[in-house]
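Structure, as structure tokens:
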Amino acid sequence: MFSKIIIFPFIILVRIYQLVISPLTPATCRFTPSCSAYMIEALKTHGLFYGGFLGIKRIFSCHPWGKSGYDPVPKKKDCHKH
């Protein structure tokens, strides 16, 4: 519950980007899901610090000399498996 409260403002910022800024710019994301959708999913799956790190890492790799294609958010590792 606390984690959801912490990441909520960051998700709102990304949603504002998706609704206000993104429609005004050409579609240039080289990945599926888009970098903004990836950021939201990473925050929800991994929390603010690791999810934020994954999202920023993805944004920095989205350039003409980088990779492209399907790149999902990695699954959360289950620490309780034996």
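Would you mind counting up the charge near GLY69? Only other residues with Cβ under 15 Å from its Cβ, with Lys and Arg at +1 and Asp and Glu at -1.
On the way: positive: ARG30, ARG58, LYS67; negative: ASP71.
The answer is +2.
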Item to check | Where the chain is the region considered: accessible area per residue in Å², 1.4 Å probe | outcome: 79 Å²
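Assign unit charges at the C-beta atoms only (+1 for Lys and Arg, -1 for Asp and Glu), then state the dipole size of the chain relative to its Cα centre in Debye, rounded to the nearest 20. Write down the numbers at each step before the final one.
Details: 11 positive and 3 negative charges, 44 e Å.
Value, rounded to 20: 220 debye.
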Next on the checklist: Taking the 0 to 90 degree range and rounding to the nearest ten, how far is the long axis of helix 35-61 tilted relative to the main principal axis of the chain, both from C-alpha atoms?
Outcome noted: 30 degrees
Next on the checklist: For PHE31, what residues show an amide H to amide H distance below 5 Å, using hydrogens built from the backbone and excluding near sequence neighbours?
Outcome noted: GLY69
Checklist outcome for this item: With HIS46 itself left out, Lys, Arg at +1 and Asp, Glu at -1 over residues whose Cβ is under 11 Å from its Cβ give +3
Checklist entry - How many percent of the accessible area of segment 19-82 is carbon or sulfur, using a 1.4 Å probe? => result 65 percent
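Can you give me the Kirkwood hydrodynamic radius for the chain, using every pair of distinct Cα atoms, in Å to one decimal?
Values: mean 1/r = 0.0736 Å⁻¹.
Every distinct Cα pair counted, the radius reaches 13.6 Å.
Find out how many positive minus negative residues lie around PRO9, taking Lys and Arg as positive, Asp and Glu as negative, among other residues whose Cβ is under 15 Å from that of PRO9.
Details: positive: LYS4, ARG15, LYS44; negative: none.
Combined, the nearby Lys, Arg, Asp and Glu give +3.
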Next on the checklist: Between LEU13 and LYS67, how high is the FRET efficiency from 1/(1 + (r/R0)^6) when r is the Cβ-Cβ distance and R₀ = 22 Å? Nearest 0.05.
Outcome noted: 0.30
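The values are calculated or read from the model by the stated rules, or taken from the named source; none is laboratory data. Predicted model, so just to flag it, every value in this text is computed and none were measured. Counting neighbours? That spans all protein chains shown, and the Cβs are built from the backbone with ideal geometry, glycine included. Each accessible area value is taken on the protein alone, full model and side chains, heavy atoms only, with ligands, DNA and RNA left out. Shrake-Rupley method; radii C 1.70, N 1.55, O 1.52, S 1.80 Å.
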